[in-house]
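*Asks:* Before I ask anything, let me first share the structure, which is written out below as structure tokens.
None of the figures in this text is laboratory data; all of them are computed from the coordinates on show. What you see is a predicted model, and the numbers here were worked out from it, not measured in a lab. In this analysis, Cβ positions are derived from the backbone assuming ideal geometry, glycine residues included, and neighbour counts consider all displayed protein chains.
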Amino acid sequence: MDKRILRVVDANFNRCKEGLRVVEDIFRFILCDDATRRKVRTLRHALDTIAKEKMLREAIATRNSRYDLGKNTDTLEIKRKDVGDILYTNLQRAKESLRVLEEFFKIVSVRKVEQIKKLRYEIYSLEKKIISRWPPVRNPRQRGS
């Protein structure tokens with residue numbers, strides 16, 4: 001297997017999981033919405049299920065974080081205006097990385113392509129639900145209000 005392709009797979013698994021974790025924590029700690037938090041967590045763990053393969057362990061072995069061309073923070077990454085912006089950005093991060101994985105899995109593990117595509121469409125649906133009720137209205141009785 002081409003190590004460059006495995007690096008793409010590794011980077012995009014990481015990117016998707018990180019994006020979903022940020023979204024999950026927004027619903028856990030800021031919005032106190034356990035139902036949505038659980039849904040995001042389920043999606044994140046579904047990705048873990050896909051990742052339990054020898055090929056993905058090999059992908060991690062190809063990681064070269066020290067010399068990654070995209071590791072430096074740029075001006076787009078440093079600016080966020082509010083929690084909604086963080087939420088939106090991380091939903092995009094998850095969707096985009098799943099699309100990359102879907103394409104590269106056509107080369108490395110075609111039997112997983114449908115699972116990845118299904119996850120991507122579940123995030124599309126979740127995003128629609130989230131955006132349709134944004135900004136959230138919190139119950140003043142909730143903790144932290």
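*Asks:* Give, rounded to the nearest 20 debye, the magnitude of the charge dipole that the chain has about its Cα centre when Lys and Arg contribute +1 at Cβ and Asp and Glu contribute -1 at Cβ.
*Replies:* 320
*Asks:* Among 14, 121, 101, whose Cα lies farthest out toward the positive end of the dipole of the chain, if unit charges sit on the beta carbon of Lys, Arg (+1) and Asp, Glu (-1)?
*Replies:* Selected residue: 121.
*Asks:* Against the empirical 2.2 N^0.38 Å scaling, what ratio does the C-alpha Rg of the chain come to?
*Replies:* 1.14
*Asks:* Something else: Which distance in nm do the two modelled labels at residue 54 and residue 1 give, with both placed 7 Å along the Cα-to-Cβ direction?
*Replies:* Computed distance between label sites residue 54 and residue 1 equals 1.0 nm.
*Asks:* Per DSSP H run of n ≥ 4, the term is -39500 (n - 2.57); total these for the chain, divide by its residue number, and report the mean residue ellipticity at 222 nm rounded to 500 deg cm²/dmol.
*Replies:* -23000 deg cm²/dmol
*Asks:* Based on other C-beta atoms within 10 Å, arrange 33, 10, 25, 82 from fewest to most.
*Replies:* Ranking 33, 10, 25, 82 by Cβ neighbours within 10 Å, fewest first, gives 82, 25, 33, 10.
*Asks:* Compute the helix-to-body angle for 113-132: its Cα long axis versus the longest principal axis of the chain, expressed 0 to 90° and rounded to tens.
*Replies:* Computed tilt is about 20 degrees.
*Asks:* Moving to a separate point now. With everything on Cα atoms, drop me the angle between helix 34-51 and the longest principal axis of the chain, reported from 0 to 90° to the nearest 10.
*Replies:* Around 0 degrees separate the two axes.
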